[in-house]
1. Could you list all residues from region 257-289 that are touching a residue at least 40 places away in the same chain (Cβ under 8 Å) and open to solvent by 50 Å² or more (accessible area, probe 1.4 Å)?
2. Tell me which residues, restricted to region 134-161, are out of contact with any Phe, Trp or Tyr (no Cβ under 6 Å at 6 or more places or on another chain) and aliphatic (A, V, I, L, M).
3. Sort out which residues of region 145-171 are under 30 Å from the mean Cα position of the chain (by Cα) and under 16 Å from Glu243 (Cα atoms), and write them in order of number.
4. I want to confirm something. Restricting to region 85-98 and keeping residues that are of a type outside the set (D, E, K, R) and in a loop (DSSP other than H, G, I, E, B), which single residue is modelled with the lowest pLDDT?
5. Part of a loop (DSSP other than H, G, I, E, B), modelled with pLDDT under 85, touching a helix residue (DSSP H, G or I) at 6+ places or on another chain (Cβ under 8 Å) and open to solvent by less than 60 Å² (accessible area, probe 1.4 Å): is that true of Pro238 in this structure?
Amino acid sequence: IAFGPQDMTMFTKHIAHLSSRAASRCSSASRRLTSVSSTLSSSSDGALPLAGSRRPQDVSRPLSSSSITSIIGNNTKIHNRSFSSMGMMPRRGFPQYTIFGPDSALSIRAVLPQFRRAGTDGVSVERRGKLVFEFVPRNASGAGFAWSEKTLFSLSVEEVGLLLSQLPGNGVELSHSMNYGVGSDDDSSGGVMQQSGDLLEKVLTIEPGDGATLNFKIDYMKSGVGGQSPPQFDHAIPTTPLEVTLQAGEFEVIKSIFQTSIPYILGWNTTMDIASAAAMSKGMSGGGNHY
C-alpha cells in the first residue's frame, strides 16, 4: 500500500492522539494507587474500609463516654419515632391489666415505692409499693363501666406472695380493717375516718371455680354480714359484692404480673442496680468491698 504525504500527516496525528490518551490513563491510575496506599497505611488493621462504612472501633481501647452517647443516641432515634409528636420522651408509665366480666371489671395496676436520700450519695426505700385490685361495676344502663365508683383493694408484697403460693389450687381470703374509707389507693390512708366502734372490713375472696376458673370477689362486711357500705359516705356506691370470674389463661397473665412485680414494688431492682453500679465503680478505681 502506497501512502502519500497527506496520508502520512493524518497517520502521525492519530498516533499522537492515542499516545496522549494512554499517558492520561496511566497518570489517573497512578493517583488511585497512591490514594489506596495512603489509606492502607493509615488503617490500624490494614483493611480497606468499604465505601460509605464507618471505620471499626479499636477494640483495644474502651469506648469513650461521647462514643457511648453517640451509639445510644443513634439506637434510641429508632425507638423514639413514635413519640416524636410529643416533643419529648414520656416520663411516666401506667402499667395496667383489665379483665371485663358481664357485670363487673377487674383491673390490676402497680403503685411503685417511694424513695428517700440515704447519707450524702445514697438512696433507700422509704415506703414500699403495692399492687392494687380495682373492682368496677357496670353502669346501670348496661353500657360501659362506672369507673368513678370502683372499689380498691391494695396488696402488700407479702400478700402477693401468699396469692402466688396458694392459687389456683386453694382459695384465699384477705381482710383489711376499714380504719379509713374508700377513695384512695391505700386501704390505710385517705378517705373518711371510721366511726368509733363501727367495725367494717373490706374482704377479698378468691375461690377456684369450674373448669380451672377463679372467682374474684370484693365485699364490705360488718359482723360477718356482707353488702355493707363504707361509713359516712352519702353518695351512691357500688352494690357489693362485686365479682369477676377469671379464665385459666387470664390468671396465668396475672400470675406473671405478680412474679415480675415483686422486685419493683419492693424497690429491690432499683436499689440493687444502684448498689451494683457503685460496687463496680469502686472496684474499677482500685477500691474494694469490706463487710
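1. Gln259, Tyr264, Leu266, Thr270, Ile274
2. Matches in region 134-161: Ala140, Ala143, Ala146, Leu152, Leu155, Val157.
3. Of region 145-171, the ones under 30 Å from the mean Cα position of the chain (by Cα) are 145-168.
Result: Phe145, Ala146, Trp147, Glu149, Lys150, Thr151, Leu152, Phe153.
4. This residue is Gly87.
5. Yes: the conditions hold for Pro238.
The values are calculated or read from the model by the stated rules, or taken from the named source; none is laboratory data. Computed from a prediction, not measured in an experiment: that's the story for all the values here. Every residue, glycine as well, gets a Cβ built from its backbone with ideal geometry; the counts of neighbours run over all protein chains shown. Heads up: the accessible areas ignore ligands, DNA and RNA and are worked out on the full protein's heavy atoms, side chains in. Shrake-Rupley method; radii C 1.70, N 1.55, O 1.52, S 1.80 Å.
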